[in-house]
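Each remark here refers to the structure printed beneath this line.
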Amino acid sequence: MHDIITIGSATVDIFMKSKEFHLQPVKEGVLLCESYGGKLDVDDFLMQSGGAATNAAVGFRRFGFHTAAVVEIGKDFFGQMVWDDLKRERVDTEFVITEKSENTAVSVLLISGEGGRSALTHRGASSLLEARDLPWSALRQTRWIHLSNVAGNKELLLRLFDHVHGSDVGLSWTPGTAELKLLSSGELRPEHVKCDMFIINKEEWDVVKDVQNRLLKNIQYVIITDGRNGGKVYFQSEYHHAFKAEAVTVAQETGAGDAFCVGFVSAHLLGQSLQDATQWGVKNSASVVQHMGAKTGLLRKKDFHIK
């Protein structure tokens, strides 16, 4: 029996950081611009497994939870890297699906000197996870499920929500772009979302602006993060409290949301208060962004004061 099972994406992340990346402010934000056909030097480089489901699985395992990941990879060099990283961290790989005819997902992350990033992603096998791939028997016996992006697979989402509804199994959800589109378009109704925690960043929350009130009414905990500005927590549809981010030197930002979720959910499962849960999330996230890679800075249970 597992304490936590994570479901979602598995990738290999290739980080390339350079202070020579040219940043161009525009009305909509900031563009990362380079001369077509040109070359520039990279100051720091790292290749490491990533994807929300594997990042969270490693994070929960470092907190001491018996954890498994349900992800899909290809039978290739990058898939082996994902597998090896999970094994090294003692995450159960029993439910990792290897698809021989597909490539493992790969992301190339271009990181500025300030730590901001632009991502180029080939989703590959990670976008092929289906309801029939889930280990339903194990999901009935686990204590908690953490769901991340599943390429907008509505059947999987609805079956999983129905599976946990009325059970003792907890569910946290960090939706991806495709899932946000389902919610914003009305194809997936907020009333269909049966999860205990909905963790999302401010930009993603804006995407579902038309159904925000219905989500707040339907989900017990809604946490909206806002990068260096901290975030807000809603409990039982009411605004509960705001929290601040830690002031740290940012090496890169990938994995910050996954780390926050791990800290928040872990605190909840270990009986901590709602305020402490946000601080655990903040602390874990602050550690991750100070390192290259989405897993490198993930903290362990011993790094937190447990009352």
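The values are calculated or read from the model by the stated rules, or taken from the named source; none is laboratory data. Keep in mind that what you see is a predicted model, and the values were worked out from it rather than measured. Cβ: placed from backbone, ideal geometry, glycine included. Neighbour counts: every protein chain shown. SASA here: full protein model, heavy atoms, side chains in, ligands and nucleic acids out. Shrake-Rupley method; radii C 1.70, N 1.55, O 1.52, S 1.80 Å.
Observations
- Looking at the range 85-115, the trypsin sites (Lys or Arg not before Pro) that sit in a DSSP loop and have at most 15 other Cβ atoms within 10 Å of their own Cβ are Arg90, Lys100.
- Rg/Rg_ref, the range 95-234, where Rg_ref = 2.2 N^0.38 Å and atoms are Cα: 1.13
- Residue with peak Gaussian network fluctuation, the chain [Cα springs, cutoff 10 Å], from Gly263, Gly74, Gly37: Gly37
- Taking only protein heavy atoms and a 1.4 Å probe, the accessible area of the range 94-223 is 43% carbon and sulfur.
- Among Gly79, Gly186, Gly115, residue whose mean-square fluctuation peaks in a GNM of the chain (springs only between Cα atoms under 10 Å): Gly186
- Within-14-Å neighbourhood charge of Leu110 [Cβ basis; K, R +1; D, E -1]: -4
- Stretching the chain fully between Lys75 and Tyr239 yields a gain of 54.4 nm (0.36 nm per residue, less the alpha carbon separation).
- Considering only Asp133, Asp43, Asp85, the Gaussian network model of the chain with Cα springs below 10 Å gives its largest mean-square fluctuation to Asp43.
- DSSP-defined beta bridges in the chain - what % are antiparallel, rounded to 5: 50 percent
- Per DSSP, loop chymotrypsin sites (Phe, Trp or Tyr not before Pro) in the range 15-120 with at most 13 further Cβ within 10 Å: Tyr36
- For the range 7-57: rounded, prolate or oblate by the Cα gyration tensor [a/c cutoff 1.5]: oblate
- Within the same chain, aspartates and glutamates fewer than 8 places from Lys17 are excluded, and of the rest, those with a Cα less than 16 Å from its Cα are Glu34, Asp41, Asp43, Asp44, Glu114, Glu253.
- Computed helical MRE - 222 nm, the chain, DSSP H runs ≥ 4 contributing -39500 (n - 2.57), nearest 500: -8500 deg cm²/dmol
- Arg300 versus Leu274: modelled label distance in nm, points set 7 Å from Cα along the beta carbon direction: 3.3 nm
- Cα-based shape type of the range 167-307, given that a ≥ b ≥ c are square roots of the gyration tensor eigenvalues and the cut on a/c is 1.5: prolate
- Whether the chain is rounded, prolate or oblate, judged on the alpha carbon gyration tensor where a/c under 1.5 counts as rounded: rounded
- Between the range 1-68 and the range 146-219, the alpha-carbon center distance in angstrom: 23 Å
- DSSP-loop GluC sites (Glu not before Pro) across the range 152-215, with at most 15 other Cβ within 10 angstrom: Glu187
- A Förster radius of 45 Å, combined with the Cβ-Cβ distance separating Ser101 from Arg228, puts the computed FRET efficiency at roughly 0.60.
- Potential lengthening between Gln141 and Ser184 on full extension [0.36 nm per residue; Cα-Cα distance subtracted]: 12.3 nm
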